[in-house]
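S.K.: Mind looking over this structure? Questions follow.
The values are calculated or read from the model by the stated rules, or taken from the named source; none is laboratory data. Just so it is clear, the structure is predicted and the values come from calculations on it, not from any experiment. Backbone-built Cβ (ideal geometry, glycine too); neighbour counts: all protein chains shown. We work out accessible area using only protein heavy atoms, side chains counted, and drop any ligands, DNA or RNA first. Shrake-Rupley method; radii C 1.70, N 1.55, O 1.52, S 1.80 Å.
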Amino acid sequence: MKRLIKRLASYILVLFGLSILVFIIGRVLPGDPARQALGPRAPEATVEALKKEMNLDKPIVVQYGLWLKDAVQGDLGNSLLSRRPVTQDIIQYLPATIEIVILAGILMAVGGILLGILATKYSHTWFDGFVRVLSYLGIVAPAFVWAIIFILVFGYSLPILPTTGRLSLGIAPPPTITRMFTADYLLSGNFAGFKDAFMHLILPAISLMLGGMAQAARMTRTTMMDNSDKDYVLANKAYGVSENRTLFKYLLKPSMIPTVSVLAVDIAALFGNAFLVEQLFNYPGLSRYGMQAMLNKDLFAISGVVITLGIIVMVVNIIVDLIVTYLDPRVRLMGGSE
Amino acid sequence: MSTNHASTPGITKRDRLEGLKRAWYKFSLNKMSIVGLVIVSLILILGVFQPLIAPYPEHAGAYVNFSAANQPPSSQYILGTDTVGRDILSRIFYAFRGALLMGLGVEAFIIPLGTIVGLIAGYWKEKWFSTALMRVTDIFLAVPPLVLALVVSALMRPTLFNSMMAVSIAWWPMYARMIYGMTSSMRNELFVKSAELLGASKFHILFREILPNCLGQIFTKMTLDMGWVILMGASLSFVGLGEQPPTPALGTMVSDGAKYLPDQWWIAIFPSIAIMVIILGFNFLGDGVKDMLTSEE
């Protein structure tokens, strides 16, 4: 517990650092955000007024102080593009991305670990070879290439899954509760809507997670194969414990530790790749919003999105920390390994 | 733990040849490493000698020939032509240049930086500046690297050099972390302690004692990372933040082609395959380098 609090404190410190970093990148690099926002033909006076409004006329330290003062109260400034508070934009777009990433994360973890276990169980058979080829494909093809392949296959040749947006035409959005469409439909008891929203998640989620799944599968197989030479496995065999029981009850848990750590990095990477994939599927999530913000040099929106992602990555890391602590008695009993 | 024999006296040319032979043997044990070496060499040759090898070298620039636009793969245009009639094969060859430059440029920048930060922070582990340096790497790693690279390159003018900088900013902490880990576990080893006792300078200890022992891992990571760095560069150009048209970049070619799916599928698919081949090649090669440099039984 004490360890967790310590970790939390250092994460918060890192978040502050991240905000400073983003701020510096945004202010030091050349380019005039106010001019960018208003376009080249706007009169000088308007640009100056906007600069004043954005505090761009003040020294950078003062700018950061003003921004931070508002940020800790949840005000991340106004977006130049949507002309709304960035916080409001993030609240609107983030749940859509979370939905995809949760589905992708579950598929990635379950699929990767399952494939890894099966490849161990049937090691050196055709299935093992199949998993190996699959994982090479998953590692080699980037998420945006998968997205293009899926759009090609499902959008045109095999139109069973939707390839754009969050909902089909003519389907009314659910009442606003969590802003995650699938959850909101379920909560309001609209199963047809749930099905439609869910169908729209499948392709983006799968294109995002294939790379991570492949890595998790390889990792799981490698560790399980390494561990299967250990004495306790041999002892199990000698006692006549069934192969499946050994595999799932004794071998799986200690072999999960490296996989879980890899998955943490991969889940964070899902958010990164979402920047490209949401664009392709025309999916209105936070990443597409962030991409638009970047292409338009919308400073406050950019820092808002980056900080939000920083917080999400932090939460993922904390959860993974807890899982590793549960899995690894050495960490649990000795109060932490650094 | 192998030490740096290159400068040790008493080692003849023959010994070195023997060493090279053994390294090649270890490398070639895995057939995939050789496949990787072949792929990477091919990419290098095709990129460098594009003007001599490509069927239509001039198509790599602002060339327009609407009468030949949108042609599917044929014997004349092996991978088809794009929307303004340029040969996709010739453009892919040219794009290999940018991709390789991307990989080499980024690594030439981040490996010295990451190594120096890692050595300093690892050797003086209990000092305040070590903690500070490592916290700085934490900050850079607090968001997915692709996001950081996107932010940085979005705020600069889109050129190949600037996207190299953007990828470097996102990537250097990983090297710093790796070298930090190795240095901090190595600094209590006997050979470091004895060098300290003999009064060797800090510079000597860091760069002549510790660094040579990190080189194997650095080379391995370097080879493996080439593919990933190139992919990140392609991702930047995919959203329009890399090298600008008319110079061909793989990411740009994919994203332009994606607009013409499925009818002109070849415009997006072949550059995508090119990206995959690059990653595959460096992955296989990296595994071979790993076998060659780190398996000391």
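S.K.: With respect to A:L169, determine if the residue is in a helix (DSSP H, G or I), at pLDDT below 85 and open to solvent by 70 Å² or more (accessible area, probe 1.4 Å). Step through it out loud before you land on a result.
M.R.: Details: in a helix (DSSP H, G or I): no; at pLDDT below 85: yes; open to solvent by 70 Å² or more (accessible area, probe 1.4 Å): yes.
Considered against the rule, which asks whether it is in a helix (DSSP H, G or I), at pLDDT below 85 and open to solvent by 70 Å² or more (accessible area, probe 1.4 Å), A:L169 comes out as no.
S.K.: Does B:T247 meet the test of being touching a residue at least 24 places away in the same chain (Cβ under 8 Å) and either of a type in the set (F, W, Y) or crowded, with 20+ Cβ neighbours inside 10 Å (or both)? Full working, then the answer.
M.R.: Numbers: touching a residue at least 24 places away in the same chain (Cβ under 8 Å): yes; either of a type in the set (F, W, Y) or crowded, with 20+ Cβ neighbours inside 10 Å (or both): no.
Considered against the rule, which asks whether it is touching a residue at least 24 places away in the same chain (Cβ under 8 Å) and either of a type in the set (F, W, Y) or crowded, with 20+ Cβ neighbours inside 10 Å (or both), B:T247 comes out as no.
S.K.: Oh, and also: Which ones in the range B:155-168 are open to solvent by less than 50 Å² (accessible area, probe 1.4 Å) and farther than 16 Å from B:L101 by Cα?
M.R.: Correct list: B:L155, B:M156.
S.K.: Okay, moving on. Look at A:A192 and say whether it is of a type outside the set (K, R) and closer than 29 Å to B:G257 by Cα.
M.R.: Spelling it out, it is not the case that A:A192 is of a type outside the set (K, R) and closer than 29 Å to B:G257 by Cα.
S.K.: Follow-up. If I ask for residues that are surrounded by 15 or more Cβ atoms within 10 Å (Cβ to Cβ) and of a type in the set (S, T, Y), which ones from the range A:103-122 would you list?
M.R.: A:T120
S.K.: Exactly one of (1) closer than 30 Å to B:F282 by Cβ; (2) open to solvent by less than 60 Å² (accessible area, probe 1.4 Å); (3) within 14 Å of chain B (Cβ to nearest Cβ) is unmet by A:R132. Its number?
M.R.: (2)
S.K.: Can you find, within the range A:281-292, the residue that is farthest from the chain's Cα centre (by Cα) among those that are part of a helix (DSSP H, G or I) and either of a type outside the set (A, V, I, L, M, F, W, C) or crowded, with 24+ Cβ neighbours inside 10 Å (or both)?
M.R.: Going residue by residue through the range A:281-292, those that are part of a helix (DSSP H, G or I) are A:286-292.
Among the residues that remain, those that are also either of a type outside the set (A, V, I, L, M, F, W, C) or crowded, with 24+ Cβ neighbours inside 10 Å (or both) are: A:286-290, A:292.
Numbers: A:L286: 11, A:S287: 10, A:R288: 13, A:Y289: 15, A:G290: 14, A:Q292: 18 Å.
If we take residues in the range A:281-292 being part of a helix (DSSP H, G or I) and either of a type outside the set (A, V, I, L, M, F, W, C) or crowded, with 24+ Cβ neighbours inside 10 Å (or both), then A:Q292 is farthest from the chain's Cα centre (by Cα).
S.K.: Only one of these conditions is not met by A:G74: (1) more than 21 Å from B:L155 (Cα to Cα); (2) within 21 Å of the chain's Cα centre (by Cα); (3) open to solvent by less than 70 Å² (accessible area, probe 1.4 Å). Which number is it?
M.R.: Only one criterion in (1) more than 21 Å from B:L155 (Cα to Cα); (2) within 21 Å of the chain's Cα centre (by Cα); (3) open to solvent by less than 70 Å² (accessible area, probe 1.4 Å) is unmet by A:G74, namely (2).
S.K.: Consider B:P212 carefully, then state whether it is open to solvent by 20 Å² or more (accessible area, probe 1.4 Å) and either of a type outside the set (G, A, S) or touching a residue at least 24 places away in the same chain (Cβ under 8 Å) (or both).
M.R.: On the way: open to solvent by 20 Å² or more (accessible area, probe 1.4 Å): yes; either of a type outside the set (G, A, S) or touching a residue at least 24 places away in the same chain (Cβ under 8 Å) (or both): yes.
For B:P212, the condition - open to solvent by 20 Å² or more (accessible area, probe 1.4 Å) and either of a type outside the set (G, A, S) or touching a residue at least 24 places away in the same chain (Cβ under 8 Å) (or both) - is met.
S.K.: Taking the range A:236-255 only, how many residues are over 20 Å from A:R330 (Cα atoms), without any contact (Cβ under 8 Å) to a residue 40 or more places away in the chain and crowded, with 17+ Cβ neighbours inside 10 Å?
M.R.: 2
S.K.: Would you be able to say whether some residue in the range A:256-269 is more than 11 Å from chain B (Cβ to nearest Cβ), acidic (D, E) and buried (at least 18 other Cβ atoms within 10 Å of the Cβ)?
M.R.: To start, the set of residues in the range A:256-269 that are more than 11 Å from chain B (Cβ to nearest Cβ) comprises A:256-264.
Still in the running and acidic (D, E): none.
Checked the range A:256-269: no residue is more than 11 Å from chain B (Cβ to nearest Cβ), acidic (D, E) and buried (at least 18 other Cβ atoms within 10 Å of the Cβ).
Table: residues versus (1) part of a helix (DSSP H, G or I); (2) open to solvent by 10 Å² or more (accessible area, probe 1.4 Å); (3) at pLDDT 90 or above; (4) in contact with a strand residue (DSSP E or B) (Cβ under 9 Å, 6 or more places away or on another chain).
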position: B:G240; (1), (2), (3), (4): no, yes, no, no
position: B:S255; (1), (2), (3), (4): yes, yes, no, no
position: B:W266; (1), (2), (3), (4): yes, yes, no, yes
position: B:P271; (1), (2), (3), (4): yes, no, yes, no
position: B:I278; (1), (2), (3), (4): yes, no, yes, no
position: B:G281; (1), (2), (3), (4): yes, no, yes, no
position: B:K290; (1), (2), (3), (4): yes, yes, no, no
